[in-house]
Amino acid sequence: FTMDINQVRCGMYITPKKRPKFGYDKFIETARLHGVIIVDLDLEGDVSNLPTNLDAILHKITDDYAKSSSSEIAGQRYDAFNACIKMNPRAVVIDPMEGIIPLLNRTAMQGALENAISASKVPFRVPRWLTLPCVPPGDE
């Protein structure tokens with residue numbers, strides 16, 4: 001097997017659970033037809049086995065990021081994902097986490113939306129919302 005110089009190698013991480021909803025098999029085939037080779041990223045294996053010759057990295061790692069503080073396995077996968085990025089400095093990360101993380105904080109996102117809407121004078125508004133205090137279990 002010889003690699004075509006025009007092929008692009010794209011590392012991809014997506015959990016087996018999300019693959020059917022994503023249309024993973026069809027995506028792999030379509031990518032191949034367009035000269036993109038999808039390389040499955042095994043984030044649960046030894047980090048030293050991750051590829052180092054990727055052109056791009058595509059991911060569905062957000063759930064692991066969100067759970068990383070409470071789940072050791074999710075934290076390990078997220079750390080392996082970051083290691084893969086460092087091992088592939090030339091690779092373009094599609095939808096980098098720096099752009100996703102701020103969206104996970106709903107209170108901050110709500111404030112940003114309200115500021116953007118008021119600054120642009122668009123004819124709509126953000127629905128009213130309320131932040132409820134967190135009550136530790138047993139203190140209800």
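The values are calculated or read from the model by the stated rules, or taken from the named source; none is laboratory data. What you see is a predicted model; the values in this text were computed from it and never measured. Note that each Cβ is placed from the backbone with ideal geometry, even for glycine, and that neighbours are counted across all protein chains shown. Areas reflect the complete protein model, heavy atoms only, side chains present, ligands, DNA and RNA absent. Shrake-Rupley method; radii C 1.70, N 1.55, O 1.52, S 1.80 Å.
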*Just give me the residues in the range 106-132 being closer than 28 Å to residue 66 by Cα, surrounded by 10 or more Cβ atoms within 10 Å (Cβ to Cβ) and touching a helix residue (DSSP H, G or I) at 6+ places or on another chain (Cβ under 7 Å), in sequence order.*
108, 109, 126
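Of all residues in the range 28-41, how many are open to solvent by less than 90 Å² (accessible area, probe 1.4 Å) and free of Cβ contacts under 8 Å to residues at least 12 places away in the same chain?
The initial filter retains those residues of the range 28-41 that are open to solvent by less than 90 Å² (accessible area, probe 1.4 Å), namely 28-31, 35-41.
Next, only the ones that are free of Cβ contacts under 8 Å to residues at least 12 places away in the same chain stay: 28-30.
Counting residues in the range 28-41 that are open to solvent by less than 90 Å² (accessible area, probe 1.4 Å) and free of Cβ contacts under 8 Å to residues at least 12 places away in the same chain gives 3.
For the range 55-77, does any single residue satisfy the condition of being more than 25 Å from residue 105 (Cα to Cα), open to solvent by less than 40 Å² (accessible area, probe 1.4 Å) and touching an Asp or Glu at 6+ places or on another chain (Cβ under 8 Å)?
Filtering the range 55-77 down to residues more than 25 Å from residue 105 (Cα to Cα) leaves 55-56.
Among the residues that remain, those that are also open to solvent by less than 40 Å² (accessible area, probe 1.4 Å) are: 56.
When the remaining residues are screened for being touching an Asp or Glu at 6+ places or on another chain (Cβ under 8 Å), the result is none.
Within the range 55-77, none of the residues are more than 25 Å from residue 105 (Cα to Cα), open to solvent by less than 40 Å² (accessible area, probe 1.4 Å) and touching an Asp or Glu at 6+ places or on another chain (Cβ under 8 Å).
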*What pairs can you find where one residue is in the range 47-70 and touching a residue at least 12 places away in the same chain (Cβ under 8 Å), the other is assigned to a loop (DSSP other than H, G, I, E, B) and of a type in the set (Ser, Thr, Tyr), and their Cβ atoms are less than 7 Å apart, with a gap of 6+ or different chains?*
60/15
*Take residue 135 and decide whether it is assigned to a loop (DSSP other than H, G, I, E, B), out of contact with any Leu (no Cβ under 9 Å at 6 or more places or on another chain), aliphatic (A, V, I, L, M) and open to solvent by 70 Å² or more (accessible area, probe 1.4 Å).*
yes
